[in-house]
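Worksheet: the structure to be examined is printed underneath.
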Amino acid sequence: MTMAGISLGTRKTWSRCIGIALVVCAACFSATLVPRLGRAQDFEKPVSTIDEDITAFSFAPDGRIVFAVNRPFKTKQYDLEHDDIWMQDAGGKRKKIFIGEKFQRAAPFTYSVDSFRWSPNGHLILAELFTASVDESGKTVDAPMTLVLDEAGKEVKMGEENVIKDASKATWLQDNATVIFFTEVLKPKVLFSFHYTNRAGAPGLVFEGRTFLDAVPVPGSNYDYAVERDKNLSGPPRLQKLEMLSQDDKELATLDGYEGGLALSPSGTKIAYYIDKEVIEVRDLTAPNKFARVRAGYGVFRWAPDETRVLLKRSVEKKSGDLVWIPIPPLAVHVAGAEIDVAQPTPAPILRGLTFREFAFSPDGKFIGVIVPGRRNLAVYPVPR
């Protein structure tokens, strides 16, 4: 049932909707558990699967997995989607901790979970949502929003609000109470500014007046590495190390270009990013004048646990692609003005070259979780060598 032809639906539909029509996709609910993560298995066979229509997931350091399941439902006026959130413990037992249908705002809206972030103590979760609603003029409005939950799924208020509006890339500081997040300065998703809020509800700006292309937190600290660029986009991108509490900064390098993908290695000693649509640059954070470049093609990549290579999904976010290992060449100091060699390795496919929509490594580096296209089931494999 709809009212005045209005229906709030999935992101794929939002991006191509005309006027105010939004269509809902249906989802089914079922679950199958196979052997626990600790058992040795051939990497071609998953050690665990979750047979749900999963929109996002995240491993916790203690072996738990939090995941979101697509949930369409109807009201008298609208067709909506509000993801449910589930928790699977280290033994494979699952529990729904958050019922999406009960999560309501002042005006009807639809949402899917984009990503999850765990707090340092493992007891709190940030769920970044992609939301869509219809404004008074009948125009579809998309916006990010971050929902704050405890591990049992109870909503945690940041002051008077149980969500952080217009917040993306939200992360916890080490006090497990303060959240740092991005808000857009130049749309669409070009430049951002840092903001913070906390459980006392005291919002504010961080590094006021400065704008950034991207940032990645340093686990176990209150530091971020960020790529800064001025608001007019007139200067080059600069790699910065930022202390988020004291708001101290240290410029590490001026970059020849930046196209996204900022990723910190597991040891925190290297950082990688695209300088254009083809080339990944890897830089030594202990000696920032040492770096290397490798031609990989554009996609989404994550560092391998041993830091000798990255795993690349050869497609953009939220699209399906195959997974391939890309080896990292030796890092070296380069003379200013000299031509920089770009390594061109042969990509090594994993998991029989099948395509996947999302992937992530477990914190201990032993397992990889992948979301299969179509029904979007989650499968967990030992990391291929």
Specify which of the listed residues (Pro330, Pro349) is in contact with an Asp or Glu (Cβ under 7 Å, 6 or more places away or on another chain), modelled with pLDDT of 95 or more and open to solvent by 80 Å² or more (accessible area, probe 1.4 Å). Pro349
Taking the stated definitions as given, is Ser137 without any contact (Cβ under 8 Å) to a residue 12 or more places away in the chain and surrounded by fewer than 21 Cβ atoms within 10 Å (Cβ to Cβ)? yes
For the stretch 71-95: of the residues being exposed (fewer than 14 other Cβ atoms within 10 Å of the Cβ) and in a strand (DSSP E or B), which is modelled with the lowest pLDDT? Lys74
Answer yes if at least one residue in the stretch 228-240 is within 24 Å of the chain's Cα centre (by Cα), in contact (Cβ under 8 Å) with a residue 60 or more places away in the chain and open to solvent by 30 Å² or more (accessible area, probe 1.4 Å), and no otherwise. no
Scan the stretch 108-133 residue by residue and report those that are out of contact with any strand residue (DSSP E or B) (no Cβ under 6 Å at 6 or more places or on another chain) and modelled with pLDDT under 95. Pro108
The stretch 258-286, subset in contact (Cβ under 8 Å) with a residue 40 or more places away in the chain and part of a loop (DSSP other than H, G, I, E, B), residue least open to solvent (accessible area, probe 1.4 Å): Ser265
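This table checks each residue for (1) touching a residue at least 60 places away in the same chain (Cβ under 8 Å); (2) over 25 Å from Gln88 (Cα atoms); (3) open to solvent by 70 Å² or more (accessible area, probe 1.4 Å); (4) of a type in the set (D, E, K, R).
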{"residue": "Arg295", "(1), (2), (3), (4)": "no, yes, yes, yes"}
{"residue": "Thr308", "(1), (2), (3), (4)": "no, yes, yes, no"}
{"residue": "Ser315", "(1), (2), (3), (4)": "no, yes, no, no"}
{"residue": "Ser320", "(1), (2), (3), (4)": "no, no, no, no"}
{"residue": "His334", "(1), (2), (3), (4)": "no, yes, no, no"}
{"residue": "Pro345", "(1), (2), (3), (4)": "no, yes, no, no"}
{"residue": "Leu354", "(1), (2), (3), (4)": "no, yes, yes, no"}
{"residue": "Glu358", "(1), (2), (3), (4)": "yes, no, no, yes"}
{"residue": "Ser362", "(1), (2), (3), (4)": "yes, no, no, no"}
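Which residue is farthest from the chain's Cα centre (by Cα), if the candidates are limited to the stretch 361-385 and must be outside any strand (DSSP E or B) and either of a type in the set (Phe, Trp, Tyr) or within 14 Å of Leu323 (Cα to Cα) (or both)?
Ranking the qualifying residues of the stretch 361-385, first place goes to Arg385.
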Over the stretch 244-257, the set of residues open to solvent by less than 30 Å² (accessible area, probe 1.4 Å) and either more than 18 Å from Leu191 (Cβ to Cβ) or aliphatic (A, V, I, L, M) (or both) is Met244, Ala253, Leu255
Exception for Glu208 within (1) part of a strand (DSSP E or B); (2) of a type in the set (D, E, K, R); (3) modelled with pLDDT of 95 or more falls at (1)
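The values are calculated or read from the model by the stated rules, or taken from the named source; none is laboratory data. In this text the structure is predicted, and so the values were computed from the model without any measurement. All Cβ positions, even for glycine, are placed from backbone atoms using ideal geometry, and neighbour counts span all protein chains on display. Surface accessibility is based on the protein's heavy atoms, side chains included, excluding ligands, DNA and RNA. Shrake-Rupley method; radii C 1.70, N 1.55, O 1.52, S 1.80 Å.
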